[in-house]
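Engineer: If you scroll down you'll find the structure; I have some questions about it.
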Amino acid sequence: MQVGADFIVGYRMGVEDFTAGGVTIEESRIAAVQLTSSVEIDYLSLTQGNFDTIAEHLPEAHYPAATYVDLHAQIKVVVPHVPIVTSSRIQTPAQAETIIAGGKADMGGLCRALVADPYWPSKAALGQANDITPCITCNRCWGLVVESKRIACTVIQIAGPKPTCRLKHVRHERTASPSLAAVPRGRRRRALPWSAVIM
């Protein structure tokens, strides 16, 4: 297949398998140089882990933010002329900007974050970072995908199947002593976390 000169061609590259006998970052550094010197690649999109090391492929909430940016930066060092997309737990526009400003990558890749808030990039561009519904990296979406089920998200109700139960509204009379109740913040801004209010 041939494409025109203005057609963007990228390559998704696993740089470290974290598995005995798997791909290593040292091998990936060599491969990146060979690949980009032999064919025209407009960008490299980097990832890590495999189905034997799924925790590294999709780091959950107990991993630090931007978990593998320093690993991916090792590829940027050897092919500085090729735009690099890094990913894995980039939670905020500020994190992405710091990564790019530090020369560790040229773009921040988002996946689970876009399930939680499809308008993440638009809000970032408009300076509305505080309105972004954050992904909590619980991996519910991924778990459903690998089971060939419809994707759903813990923090946004419109992603996934409709609820299978109904909530009954119960009216409580105000008492002399105020009590705390957990209520969700406005759906437009966030589905989580819950905030406490005085009744």
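The values are calculated or read from the model by the stated rules, or taken from the named source; none is laboratory data. As the structure is a computational prediction, the values presented were derived from the model and not from experiment. No Cβ is skipped: glycine too gets one built from the backbone with ideal geometry, and neighbour counts run over all protein chains shown.
Engineer: Working carefully through the options ALA101, ALA65, ALA124, ALA94, find the one that is surrounded by 14 or more Cβ atoms within 10 Å (Cβ to Cβ) and modelled with pLDDT of 95 or more.
Structural biologist: Matching residue, one of ALA101, ALA65, ALA124, ALA94: ALA124.
Engineer: Could you check the range 15-47 and list, in sequence order, the residues that are within 25 Å of VAL146 (Cα to Cα) and touching a helix residue (DSSP H, G or I) at 6+ places or on another chain (Cβ under 6 Å)?
Structural biologist: Listed by number, the residues that qualify are VAL15, GLU16, PHE18, LEU46.
Engineer: Within the set of pairs 6+ apart or on separate chains, which have a first residue in the range 146-163 that is modelled with pLDDT under 70, a second that is basic (Lys, Arg), and C-beta atoms under 6 Å apart?
Structural biologist: Pairs found: PRO161/ARG150.
Engineer: Still on this structure, please answer the following. So if I check each of VAL33, VAL39, VAL79, VAL9, which one is buried (at least 17 other Cβ atoms within 10 Å of the Cβ) and either among the aliphatic types (A, V, I, L, M) or under 19 Å from the mean Cα position of the chain (by Cα) (or both)?
Structural biologist: Of VAL33, VAL39, VAL79, VAL9, the one residue that is buried (at least 17 other Cβ atoms within 10 Å of the Cβ) and either among the aliphatic types (A, V, I, L, M) or under 19 Å from the mean Cα position of the chain (by Cα) (or both) is VAL79.
Engineer: On to the next question. Go through the range 24-59 and count every residue that is closer than 15 Å to VAL78 by Cβ and among the aliphatic types (A, V, I, L, M).
Structural biologist: 9
Engineer: Same structure again: Among the helices (runs of 4 or more DSSP H) confined wholly to the range 10-119, which include 3 or more residues that are without any contact (Cβ under 8 Å) to a residue 40 or more places away in the chain?
Structural biologist: 25-38, 54-57, 69-78, 93-101
Engineer: Looking at the range 35-49, which of its residues are farther than 14 Å from ILE25 by Cα and of a type outside the set (S, T, N, Q)?
Structural biologist: The answer is LEU35, VAL39, GLU40, ILE41, ASP42, TYR43, LEU44.
Engineer: Here is a follow-up. Within the range 169-181, can one find any residue that is under 23 Å from GLU16 (Cα atoms), modelled with pLDDT under 95, out of contact with any Gly (no Cβ under 8 Å at 6 or more places or on another chain) and surrounded by fewer than 18 Cβ atoms within 10 Å (Cβ to Cβ)?
Structural biologist: Checking the range 169-181: not a single residue is under 23 Å from GLU16 (Cα atoms), modelled with pLDDT under 95, out of contact with any Gly (no Cβ under 8 Å at 6 or more places or on another chain) and surrounded by fewer than 18 Cβ atoms within 10 Å (Cβ to Cβ).
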